[in-house]
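Everything on this sheet refers to the single structure shown next.
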Amino acid sequence: MATLAAVLATTHHPFYLKATTMPPEQQMPQAPEWKRKVEAYRETLTCAKPDILVMIGADHFHQFFLDNYPQFLIGKAPRYDATFYNEEREFGIPKYVLEGHEELSNFMHEGLMERGFDFAFSHELKLDHSIICPIITTRPDADLPVVPIYTNIFVPPLPSPKRFWDLGRAIREIIDAYPSDQRIAAVGSGHLSLELGGPRQFKETGPDPDFDRKAIEWLSTGNIEAILENVTHESMTASGNATHGFMDLILMMGIAGPIPTAYHDNLDLFHTMEAYFTWYPEGAAA
Amino acid sequence: MSKYYVNKFLFTVDRDPELLRRYKEDPRSLVASWEQSIGPKLNDAEVSTVNFLTDAERDALINHDYVALFEMGVHFFLSLTIFIAIYDEDYMTKSGPLSFQREFAEKLQHWTGKDYPSIALWQAAAR
């Protein structure tokens, strides 16, 4: 059976690449620290020696729109283009082509259906920054095949936090059951408190530092009870209008299980709290 | 009620550099062209006949009025992204990084601490 080599849950700040590669005299003061933290975080994936990445993200109206927006979707293509024109324009993120893994995509899709998750699917999927940002931060060579999974954290009505947790648990079972000797890592991105296009956007900190502090504590200690007790769609809205991306971090903990992280770190940046979590559910990295 | 259609305007214009340029330079003309020939497209072959902009929505789009769009419950990501594309560079040159984003937030300060207008589409019909 396959080995779950690592589970990573990370915020995705689309300006990371730009902020840390522009001429040093133009960089923000935190850029070197940000880069150091990201590179230390990257090592938690590298040392797990993964062969395949299951990537969790959310399409931000790049391929999918309100005429047909999936709650949960899996990519089943042999390869994936990434980065849309408007992401290159706004964030300076380059284009990528990632190899897919059709066999695991198919096994995952069937396993999800068997477990009550009737996923939408795509055989021509272009990935957006929710998946490419963590590739840039955790696997910049982009040299591993991926199985992309999209969730709806973006357009109400959204699935519940409990549903994200349960989906994570189901993905874990499927990875554990995959008949292969390969090492699979799951890497997903989301947010802590976040405001976009509203009165609390682009402040000195994220819109709700108190939520951010608690969320880091809950995730790093594997405390799903506290999350499900405290986090609702309404509470996330109160923490910032785009905070629902937190549910993808809940999903990642669902893949790991209710256990403490092996590694976590965070960085208080303008506009958001960045946070990085890694679990090794099967013990220390290889 | 056509919150969907306002969102569709922002979605289709933001992803097309030529439409975006026209929306920056001559919004009235671009909105008119869009209503005539772009908005109704379901895909390259099919048209959809069921959507329209209200006068208030059309005015908000023509005036780049992101406060009005916020108050109509237009999706925050679409609105922020397209107006960053239109204004960020000019503001940056004049007043430094994030000055547009901060002015955007400032103009919405009267919503701080209140329930924002919902971005859900099905609730708009009830209003």
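Specify the residue that is farthest from A:Gly257 (Cα to Cα); the eligible residues are those in the stretch A:1-48 that are β-branched (Val, Ile, Thr) and assigned to a helix (DSSP H, G or I). Selected residue: A:Thr21.
Scan (1) surrounded by 13 or more Cβ atoms within 10 Å (Cβ to Cβ); (2) farther than 22 Å from B:Ser118 by Cα; (3) of a type outside the set (Gly, Ala, Ser) for the single condition B:Asn43 breaks and write down its number. Only one criterion is unmet by B:Asn43, namely (1). Between A:Pro199, A:Pro159, A:Pro179, the distinction of being surrounded by fewer than 24 Cβ atoms within 10 Å (Cβ to Cβ) and without any contact (Cβ under 8 Å) to a residue 12 or more places away in the chain belongs to A:Pro199 only.
Restricting the search to helices (runs of 4 or more DSSP H) fully inside the stretch B:32-106 and requiring at least 3 residues that are away from chain A (no Cβ under 12 Å) and of a type in the set (Asp, Glu) gives B:55-62. Of everything listed in (1) open to solvent by 100 Å² or more (accessible area, probe 1.4 Å); (2) part of a loop (DSSP other than H, G, I, E, B); (3) more than 14 Å from chain A (Cβ to nearest Cβ), the single unmet condition for B:Arg28 is (2). The one condition from (1) among the hydrophobic types (A, V, I, L, M, F, W, C); (2) surrounded by fewer than 14 Cβ atoms within 10 Å (Cβ to Cβ); (3) part of a loop (DSSP other than H, G, I, E, B) that A:Val97 does not meet is (3).
Any residue that is aliphatic (A, V, I, L, M), open to solvent by less than 10 Å² (accessible area, probe 1.4 Å) and over 28 Å from B:Val74 (Cα atoms) - is there at least one of those in the stretch A:22-39? Taking every residue of the stretch A:22-39 in turn, at least one turns out to be aliphatic (A, V, I, L, M), open to solvent by less than 10 Å² (accessible area, probe 1.4 Å) and over 28 Å from B:Val74 (Cα atoms).
Assessment of the stretch A:247-257 against the conditions (modelled with pLDDT of 95 or more and within 14 Å of chain B (Cβ to nearest Cβ)) yields no matching residue. More than 14 Å from chain B (Cβ to nearest Cβ) and assigned to a helix (DSSP H, G or I): is that true of A:Pro140 in this structure? Spelling it out, it is not the case that A:Pro140 is more than 14 Å from chain B (Cβ to nearest Cβ) and assigned to a helix (DSSP H, G or I). Among the residues making up the stretch A:227-244, those that are within 14 Å of another protein chain (Cβ to nearest Cβ) and under 18 Å from A:Phe164 (Cα atoms) are A:His233, A:Glu234, A:Ser235, A:Met236, A:Thr237, A:Ala242, A:Thr243, A:His244. Summed over the stretch A:227-259, the residues that are open to solvent by 10 Å² or more (accessible area, probe 1.4 Å), in a helix (DSSP H, G or I) and under 18 Å from A:Thr10 (Cα atoms) give a count of 1. Taking (1) farther than 13 Å from B:Ile82 by Cα; (2) open to solvent by 30 Å² or more (accessible area, probe 1.4 Å); (3) without any contact (Cβ under 8 Å) to a residue 60 or more places away in the chain in turn, B:Tyr5 satisfies each apart from (2).
The set of residues from the stretch A:275-286 being under 17 Å from the mean Cα position of the chain (by Cα) and open to solvent by 10 Å² or more (accessible area, probe 1.4 Å) comprises just one member, A:Tyr280. With respect to (1) over 18 Å from the mean Cα position of the chain (by Cα); (2) crowded, with 18+ Cβ neighbours inside 10 Å; (3) not in a loop (DSSP other than H, G, I, E, B), the lone exception for A:Ile184 is condition (1). With respect to being open to solvent by 30 Å² or more (accessible area, probe 1.4 Å) and either within 9 Å of chain A (Cβ to nearest Cβ) or among the acidic types (Asp, Glu) (or both), B:Thr112 fits the description.
Selection of the stretch A:203-226 for residues being buried (at least 21 other Cβ atoms within 10 Å of the Cβ) and within 11 Å of chain B (Cβ to nearest Cβ) yields only A:Pro207.
No other residue among A:Phe61, A:Phe65, A:Phe121 is surrounded by fewer than 22 Cβ atoms within 10 Å (Cβ to Cβ) and in a loop (DSSP other than H, G, I, E, B) apart from A:Phe65.
Summed over the stretch A:70-87, residues that are within 14 Å of chain B (Cβ to nearest Cβ), open to solvent by less than 10 Å² (accessible area, probe 1.4 Å) and either under 18 Å from A:Leu144 (Cβ atoms) or assigned to a loop (DSSP other than H, G, I, E, B) (or both) total 1. When each of A:Glu43, A:Glu102, A:Glu90 is tested for being over 19 Å from A:Ala142 (Cβ atoms) and either more than 14 Å from chain B (Cβ to nearest Cβ) or out of contact with any Lys or Arg (no Cβ under 9 Å at 6 or more places or on another chain) (or both), the lone residue that passes is A:Glu90. Could you say whether any residue in the stretch A:163-172 is away from chain B (no Cβ under 14 Å), assigned to a strand (DSSP E or B) and closer than 17 Å to A:Ile56 by Cα? Within the stretch A:163-172, not a single residue is away from chain B (no Cβ under 14 Å), assigned to a strand (DSSP E or B) and closer than 17 Å to A:Ile56 by Cα.
The values are calculated or read from the model by the stated rules, or taken from the named source; none is laboratory data. Everything numeric in this text was worked out from a predicted model, so none of it was measured. We place every Cβ from the backbone using ideal geometry, glycine too, and count neighbours over all the protein chains shown. Each accessible area value is taken on the protein alone, full model and side chains, heavy atoms only, with ligands, DNA and RNA left out. Shrake-Rupley method; radii C 1.70, N 1.55, O 1.52, S 1.80 Å.
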